[in-house]
Amino acid sequence: MATLFGIPLAALSGQLLLGLINGAFYAILSLGLALIFGMLNIINFAHGAQFMMGAFVAWLSLTYLGLGYWWALLLAPLVVGIVGIIIERTMLCRLYKLDHLYGLLFTFGISLLIEGFFRQLYGVSGMPYAVPEILTGGLDLGILYAPIYRLWVVAASVVVCIGVWLAVDKTRLGAYLRAATENPTLVRTFGINVPVLITLTYGIGVALAGFAGVLAAPIYSVNPLMGSNLIIVVFAVVVIGGMGSILGSVVTGFGLGILEGLTKVIYPEASSTVIFLVMAFVLLVKPAGLFGKETGGAAQADNGHARSERGNLKTLGIPLAVLLAVFAVAPFAVYPIFLMKALCFAMFACAFNLMIGYGGLLSFGHAAFFGMASYISAYTAKQWGFNPELSILAAALVSGGLGAAIGGLAIRRQGIYFSMITLALAQMVYFFCLQAPFTNGEDGIQSVPRGHLFGLIDLSSDMTMYYFVLAMFALVYLAIVRIVHSPFGRVLSAVKGNEPRAVSLGYEANRYKFMLFVFSATLAGVAGATKALALQLASLTDVFWSMSGEVVLMSLIGGLGTLLGPVVGAFFITGLQNYLAQFGAWVTIIQGLVFIICVLVFRRGIVGEIQGWSSDLMKRSGKLNAGASHGESKLSTPPA
Amino acid sequence: MSAGIVLQAKGLTKEFRGFKAVDDVDLSVERGSIHALIGPNGAGKTTCFNLLTRFLPLTRGSILFNGRDISALSAAHVARLGLVRSFQISSTFPQLSCIENVAIALQARGGNSFNFWSSERRLDGDLPRARELVDMVGLGAFADVAAGDLPYGRKRALEIATTLALEPEVMLLDEPMAGMAHGDIDQIVALIQKIRVGRTILMVEHNLHVVAELSDRITVLTRGQVLVEGSYQEISRHPAVIEAYMGGVDA
């Protein structure tokens, strides 16, 4: 048998072909993402779900309409594109004036909605889709036997990519598109209908995803989850390539697919993480990405974020005292296990919110810290017999260290790139936990002993454990209040408010962000570790990307940048999950809906809205009493 | 290097994808002077500022501040050394009050900035000085108003107070009069004359009356290059300047 460097040539070329196919999907998907990002300045998180939708349209039209593969290649992009256009026209178009992060959150909600919908209808087992007859069989290429269908996929995607590139680079419409990407206002003054251009771009971008979905249908089984894992890899591809050039994203997509294929032959354990490793390396060496252009400073409008709560330290003690009093009696009315779970998520959400609310940094990878910590505390408590306080400490230290590694890389990029990088690196942590022996893979670490606090207090009863969790919650909450209202917190608020100005005053903005990241990761770790002890379980769910999404949702619905908001949000979402657990995928659908509604009409969240009303009321009555105050003191009504 | 030179740029060059925004500029700023950088739009004035304060990486050239090469330092580091800039578009911390804006700058000097374990009340010692600075720029009545709610001219004044809080050796003011009404301009001119004592000011300014009134020395840039340098009398008579700059203004 022919070998190359001791590797059988057939295996090598087989994996290369597989890599090329994956690369084809990366290329088409990142191409669509780049197109959309260029015009809309939005990272389309729903891209994976739209890819999956394309595959489903193929399967559905075959099953119910009897329309075959070739029809599907035409029909699926059309359907996905039209649905995309409807989404853009009715909802997405309202977000362009806001911080880019809201676009990410909205499309994340859309992806949950689509995914939940198909899961509810068709389950997760996957539907087979046959290769069209004309493309069955294979070619013997001497060194390998290549299925014709796979060659077709590679060829078709190369043609599509080149076609899109030519259309954007060589046609008049493409010229408008490129011009509008650079300066939409100017292009509008030329009499070109930019909103239509934007809508078209989104439609075409997601139609490409639908097309890729049809191509993928005969290779992978058609199932509702086929897009969500893929999209995270595609995000990494986009970070590596940079979204500056179309050809760049195509080349990067194929290249990384091949690299992944090669890794499968040489060192299979790393094949699922190699792209993320490349991303980390590129971030260290060339943060803007291989083909990217750095978009200058970070001076982006910050109009969407809830203003962080500051300067009312005097009134802070009261809500906390009330809160703790309520929690102290709660287990006599409510099931303590539920309360413990909700409190742990409340800690987690508070830790997450520390970063977005006070640093303006949207991490989409916080599950990595929560999940890793829950494994560490579960393992040290079960295998090494650590006391609870010690296992939580160990877990917090580990997640703090992990936070330093991930944060150090992620803060090298701004805005949505930051979010994509945290998501991708967290996915790497997920794969690590999936493969590392100490986590027990799919089984997780079960029946974790709660142990004796300081070796003295037995925590095995739910009531005792509950009060321990409550104490941990109070500790985390107070730590956050302290950090926010410290000299360091002051600098953070300056960096968040106006980063270039803070730099011009001598503050190394990135060091403050880095520290904030490590704090947030550490506290998320405390939450995860406490959860593992309270529920006596550490599992892959804790470290999966959907957990990162959940914590974003909790903070968003409670109110980003408010101290109490994440607590309210955590109880709301945990309660919702508890209540809806029997309805399966409805949880996902409803979470998606909540995301969408929050982003569209309810950006201040529950606590933010209440604070907004009460401060408006106070201002109004204050004005009545004091008569005319200074100047034109406006009733500040941030965009609701 | 002359003892009188506080800031010196040699062969300052910045290329954006082949376009030379700043092309081999030499600049020497005398200690204690007010030095103006003028020129038509697109001459590279603000890019020069961004290079000098390290907000943009250099393509070529070197920058000496008090004889020390700062061309590889970070923007924040340069600021801590005493070379502090303002921005063309007023740049404040919109959610903080005037006093808090200035206090943030005072805190930068205090070395308390990574302290996350004590209360921010530890910084209250800065408040009297912050109030003093806010009063000095005529914002006493607005001390507790959020910077974002100030009228434009007041924001510029606040920005100067914030910059002053750092006691910078060299202040770089990027178009301090941009978009201001006449009354406000007189106020800022008076303010600049007040604060120049004991420090050096390098400013980009379009308003030639202001430049004539304030500057000891003027460098004229066009198309990224130094056209001429001298006093206002010298440059205002220079034919190339009249051609490239004044002519455009008078027309």
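Only the coordinates and a few stated rules stand behind these numbers; no lab work does. Computed from a prediction, not measured in an experiment: that's the story for all the values here. All Cβ positions, even for glycine, are placed from backbone atoms using ideal geometry, and neighbour counts span all protein chains on display.
Remarks
- Backbone N within the stretch B:37-53 under 16 Å of label point (7 Å from B:ARG223 Cα along the Cβ vector): B:39-45
- Normalised Debye scattering of the stretch B:1-131 at q = 0.12, 0.15, 0.19 Å⁻¹ gives log10 I(q)/I(0) of -0.60, -0.85, -1.11, counting only Cα atoms as equal scatterers and leaving out solvent.
- Equivalent ellipsoid, chain B (semi-axes from 5 times Cα gyration tensor eigenvalues, Å): 32, 22, 16
- Computed from label points 7 Å out along Cα-Cβ, the spacing between A:LEU397 and B:ARG237 is 7.7 nm.
- Which of A:VAL164, A:LEU556, A:GLY385, positive extreme of dipole for the protein assembly as shown (C-beta unit charges): A:LEU556
- Both radii come from the Cα set of the stretch A:331-544: Rg as radius of gyration, Rh as Kirkwood radius; their ratio Rg/Rh reads 1.00.
- Counting only alpha carbon atoms, the long axis of helix A:313-329 and the longest principal axis of chain A meet at about 80°.
- In chain A, helices alone account for a calculated mean residue ellipticity at 222 nm of -23500 deg cm²/dmol, with every DSSP H run of four or more residues adding -39,500 (n - 2.57).
- Each of B:LEU106, B:PRO239, B:LEU81 was placed along the dipole of the stretch B:5-250 (beta-carbon charges, centred on the mean Cα), and the one lying farthest toward the positive end is B:LEU81.
- Candidates A:LEU35, A:THR252, A:ALA479 compared by Cα position along the dipole of the protein assembly as shown: farthest toward the positive end lies A:ALA479, with charges placed on Cβ.
- Based on Cα contacts under 8 Å between residues 6+ apart, the stretch A:331-544 shows a relative contact order of 45 percent.
- Taking the longest Cα principal axis of chain B as reference, the axis of helix B:127-136 is set at about 40 degrees.
- Nearest-ten-degree value, helix A:100-122 long axis tilted from longest Cα axis of chain A: 70
- Backbone amide hydrogens, once placed in the peptide plane, bring A:VAL222 within less than 5 Å of A:MET127, A:TYR129, excluding anything fewer than 5 places away on its chain.
- Computing FRET efficiency as 1/(1 + (r/R0)^6) for A:VAL322 and A:PHE432, where r is the C-beta to C-beta distance and R0 is 51 Å, gives about 0.80.
- Ordering of A:88-95, A:273-280 by packing [mean C-beta count within 10 Å, highest first]: A:273-280, A:88-95
- Global size of the protein assembly as shown as Cα Rg and Dmax, reported in angstrom: 29.9, 93
- With the simple model of a label 7 Å out from the Cα in the direction of the Cβ, A:GLU389 to A:THR63 spans 5.7 nm.
- Tail weight of P(r) past 17 Å, computed on alpha-carbon pairs of the stretch A:570-622, percent: 51
- The stretch A:3-285: translational diffusion in µm²/s, Stokes-Einstein, Kirkwood Rh over Cα pairs, 20 °C, 1.002 mPa s: 110
- P(r) for the stretch A:384-483, from all Cα pairs and a bin width of 5 Å, is 3, 10, 13, 17, 17, 17, 13, 6, 3, 1 %, short bins first.
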